Structures are given as structure tokens and as C-alpha cells.
Amino acid sequence: MKNIVLTGFMGTGKTEVGRELTTILGWKLIDVDDEIVKSKKMSINEIFSRLGEPAFRDMETEMIRKVSQKRNVIISTGGGAVLRQENRELLKTRGVVVCLTALPETILKRTSGNRERPLLQVEDPVQRIHDLLEARRPFYEKADIMIDTEGKSPFHIAGEILERMGWKR
Ligand code: S3P
């Protein structure tokens, strides 16, 4: 049995799909961002504004190193977690890496009401989403399984992941 690692851009539904998978499998969901917030006692926004993105990325790697040691868990990662090779390697050692994808318009809709995403707190979030998606595409595509989430419910997506892993007929 391997961990299921959920990757993908902000707003692709990693947390919601992770919750569905925990219900189906009875496994624990570990959200890397939540773990960082708990251990540092600071919100993601605070970490970015007070310490900067590079400091956040180091915390992210430290947390990924810790959580990727576990077994039979679902790990939900932040949208930038796959950028570092070290993170990708850690996540793959005990996990099947699944990447969720969505169209930029859908991502914008899902993230627009949320102020807890410092990278999208810019004048033109649409352009930012396009730029980041383009720059990150090669890293997202390194996943074992790519799942298009357009028009699908988290429950349906969770089922599709298990099917693609061969865990469900
Ligand atoms: C980030 C995504 C966020 C969070 C941080 C940076 C990114 O996580 O880790 O704001 O670089 O895409 P979500 O993908 O869960 O929003």
C-alpha cells in the first residue's frame, strides 16, 4: 500500500478530494499547508509577508520530509510543492502522486473569494494564474496520474483516482 499524494494548482480541489478519499479509505488526510500553519503558529499569509516565500518553501520541504515518512495516509500538498526536485522525490518514495487539473477560469472562480493565497493577491490574478500555470506545467506533469477535474464532483474525482490506481473496479 502506498500513500496517495494530491498535487496540483491552487483551487483544483485537492483538499475536497482528499476529504472524499479519507471517507472512502478510512485513511488520515494530512494537509501540508495546515501542518505548517499548526507547527509555526502563523497563517500562510503571515509566513509569506513576514518571512518571505523562500522561507515558506523551506518550511514546506521540511514538512514534506516529515509527512512522507508516514504510511497509508492521503497527503494534500500546496500548489507549489512540486517545484522542488527534493519535494517530488520525497513524495514519490512512498506515494502515488496524483495531479488534479482545472481550467484557469475555474481556478479563478474557486480562489477569488479566498484571501489566504498570497500568490494571487495581485492586481491581475487572471494573468498571474496563467503565468504560474504555464511555468509550473512541466512539474505538475511529472505526476504518476493526471486527473482533469472539470465538471466533476470531489466524490467522482476520488473514485476516478482509485480506479486509475487499480484499487476499484
Ligand atoms: C501555493 C499554494 C498554496 C500555499 C501557498 C503557495 C502555491 O496552497 O501552499 O499559498 O505556490 O501554489 P493551495 O494549493 O492549497 O492553495
Seminar exercise, completed: Distance in nm between Lys28 and Arg136 label points, each 7 Å along Cα→Cβ, equals 2.6 nm
Exercise. Once you sort the root eigenvalues of the Cα gyration tensor of the stretch 73-169 as a ≥ b ≥ c, which label holds: rounded (a/c under 1.5), prolate (a/b larger than b/c) or oblate (the other case)?
Worked result: oblate
For this session: Starting from the Cα of Glu150, step 7 Å along the direction of its Cβ; do the same at Met1; then give the gap between the two resulting points in nm.
Result: 3.6 nm
Exercise. Where the centroid of each part is defined by its Cα atoms, how far is the stretch 1-41 from the stretch 43-102 in Å?
Worked result: 11 Å
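Test of the criteria: in the stretch 28-135, which GluC sites (Glu not before Pro) are in a DSSP loop and have at most 11 other Cβ atoms within 10 angstrom of their Cβ?
Glu123
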Problem set entry | Net length gained if the chain between Glu105 and Arg50 were fully extended (0.36 nm per residue, minus Cα distance) | 16.8 nm
For this session: Could you size up the charge dipole of the stretch 52-169 around its Cα centre, putting +1 on the beta carbon of Lys and Arg and -1 on that of Asp and Glu, and report it in debye to the nearest 20?
Result: 620 debye
Exercise. Ignoring ligands, DNA and RNA, what percent of the 1.4 Å accessible area of the stretch 1-152 is carbon and sulfur?
Worked result: 50 percent
Exercise. Is it possible to state the helix-based mean residue ellipticity at 222 nm for the chain, with each DSSP H run of 4+ residues giving -39500 (n - 2.57), the sum divided by total residues, to the nearest 500 deg cm²/dmol? What is it?
Worked result: -14500 deg cm²/dmol
Exercise. Using a Gaussian network model of the chain with C-alpha springs under 10 Å, which one of Ala158, Ala81, Ala55 is most mobile by mean-square fluctuation?
Worked result: Ala55
Exercise. What chymotrypsin sites (Phe, Trp or Tyr not before Pro) does the stretch 109-169 have in DSSP loop regions with at most 15 other beta carbons within 10 Å?
Worked result: Trp167
Seminar exercise, completed: Taking every other residue with Cβ under 11 Å from the Cβ of Phe56 and scoring Lys and Arg +1, Asp and Glu -1, one gets -3
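Going by a ≥ b ≥ c, the root eigenvalues of the Cα gyration tensor, does the chain fall in the rounded group (a/c under 1.5), the prolate group (a/b larger than b/c) or the oblate group?
Oblate.
The values are calculated or read from the model by the stated rules, or taken from the named source; none is laboratory data. Note that the structure is a prediction, hence the values are computed from the model and not measured. For neighbour counting, all protein chains shown are included, and Cβ atoms are generated from backbone atoms with ideal geometry for every residue, glycine included. Note: accessible area is taken over every heavy atom of the protein model, side chains too, but ligands, DNA and RNA are not part of it. Shrake-Rupley method; radii C 1.70, N 1.55, O 1.52, S 1.80 Å.
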